[in-house]
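For reference, the structure is listed below as structure tokens.
The values are calculated or read from the model by the stated rules, or taken from the named source; none is laboratory data. Note that the structure is predicted; figures quoted are calculated from it, not measured. Positions of Cβ are backbone-derived with ideal geometry, glycine not excepted, and every protein chain shown enters the neighbour counts. Areas reflect the complete protein model, heavy atoms only, side chains present, ligands, DNA and RNA absent. Shrake-Rupley method; radii C 1.70, N 1.55, O 1.52, S 1.80 Å.
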Amino acid sequence: MPGNPYHFTGPLDPAELSPTCIPRGKELDKVINGLLDGDYWVVLGPRQIGKTTFLRQVKHELAVHPGIYIDLESSPAEEQAFYGSIIDALVESAAVKPGPTREKTKDTDSDHKTHFYHFLKTFSPVKDKKIIFFFDEIEKAPGLHSFLNMWRKVFHERMDHPGLKKYALVIAGSVDLIPMTIGPTSPFNIARKLYLPNLSAEESGRLIDQPLKELCITIEPEAREQLSTKTSGHPQLLQHLCHALVERAREEHRGISARDVSRAIEEVLFIESDNLKTLDQQIKADPSLRELTKRLLNRERVRYAPYQHFSLAGVGPIVSEENYCAFRCNLYEEFLGQMLESPCYHPQAAAPIPAENLSSPGKTTLPSEILYH
């Protein structure tokens, strides 16, 4: 019997897990075309929205070009080793002309960034292809501000140094990256930005239908609709629910009903989901988010402000719907409703957000100190 095709922990490999690694068509086309035109890109989004999987999908689609994927979370913390590891990955990924390709720096050479920049200018692959860097968890890079400034220099000096034109760049990170990509003095304001959304309705349908069809597991139309509606296309939550439903269907040798979906939400997702546990911790630690959540649960219309941290930090529970705040998915709304109404939930008393900052049309929805400008 084949294994459960749904995976809800860690990134997906588009080559090995094609049935459940659904390509985000619109976003992929935008980033791929931009990279081939010489654009640099920043992919932003909350935890578990699929940023790493998206980077791997872009790399997979552009396999004809040398692609260097680097997870900054596991990269060396010391700058000399950090830049050296990138050079090593570049030499390994791109075929080079015969002869020396890397000149070792001395231990006394402290200007590792300058050496790295010089290497980029003189590096000569055999084939005339784009070389695309994929930096994941970019906020973990040592000397992040200096690192991004160096790439900004590469971008601006491409006209004077044609050897720099062969490079393209995608970086992925969370809300911490926003101040570094916006404004005239930011080190990476040359990049185009993609705020990774939930899956579309069509993409969610493919994620539900294709693996179940291959497993010969039937699903009631009401159950399929409930899966799509409850998760609102959140990829990790949808994968987790489908995984639980496949396990039950196999155990009981039957198809999937709408009741099965409801049971999986209450008995599996609301108990086991790390995503929802993170949401629980986020709202307990953030009085402003807690107050905003209560207002939304009470069906108050709250104006949405760009770049507010609720949309990206943590699991990013709040999104914009026609310039008003909304929960990222129905499951978040249900979970938070249960959590805030629970007699076991006693957050510390916190001053509410002033009404004029939450619900007055034309004003920001959050205190200015938690907005990014």
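Filter region 166-183 down to residues that are assigned to a strand (DSSP E or B) and in contact with a Lys or Arg (Cβ under 9 Å, 6 or more places away or on another chain) and give me whichever is modelled with the lowest pLDDT.
First, pick out the residues of region 166-183 that are assigned to a strand (DSSP E or B): 167-173.
Still in the list and also in contact with a Lys or Arg (Cβ under 9 Å, 6 or more places away or on another chain): 167-168, 170, 172-173.
Numbers: TYR167: 93, ALA168: 94, VAL170: 95, ALA172: 91, GLY173: 83.
In this case the residue turns out to be GLY173.
Anything in region 183-196 that is over 17 Å from ARG24 (Cβ atoms) and buried (at least 16 other Cβ atoms within 10 Å of the Cβ)? List them, or say none.
Within region 183-196, the first condition is being over 17 Å from ARG24 (Cβ atoms), and the residues that meet it are 183-191.
Answer for region 183-196, where residues must be over 17 Å from ARG24 (Cβ atoms) and buried (at least 16 other Cβ atoms within 10 Å of the Cβ): SER186, PRO187, PHE188, ILE190, ALA191.
Within region 145-165, track down each residue that is more than 19 Å from THR181 (Cβ to Cβ), part of a helix (DSSP H, G or I), of a type outside the set (D, E, K, R) and open to solvent by 20 Å² or more (accessible area, probe 1.4 Å).
If the condition is that a residue be more than 19 Å from THR181 (Cβ to Cβ), part of a helix (DSSP H, G or I), of a type outside the set (D, E, K, R) and open to solvent by 20 Å² or more (accessible area, probe 1.4 Å), then PRO162, GLY163 are the ones that fit.
Would you point out which residue out of LEU215, LEU199 is over 28 Å from ASP37 (Cα atoms), aliphatic (A, V, I, L, M) and open to solvent by 10 Å² or more (accessible area, probe 1.4 Å)?
Residue meeting the stated conditions: LEU215.
Just to check your reading of the model, which residue among ARG250, ARG263, ARG259 is closer than 20 Å to GLY205 by Cα and either modelled with pLDDT of 95 or more or over 23 Å from the mean Cα position of the chain (by Cα) (or both)?
Values: ARG250 fails: closer than 20 Å to GLY205 by Cα; ARG263 fails: closer than 20 Å to GLY205 by Cα.
When all the criteria are applied, what remains is ARG259.
Among (1) surrounded by 15 or more Cβ atoms within 10 Å (Cβ to Cβ); (2) farther than 27 Å from VAL64 by Cα, which single condition is ARG250 missing?
So ARG250 meets the others, but not (1).
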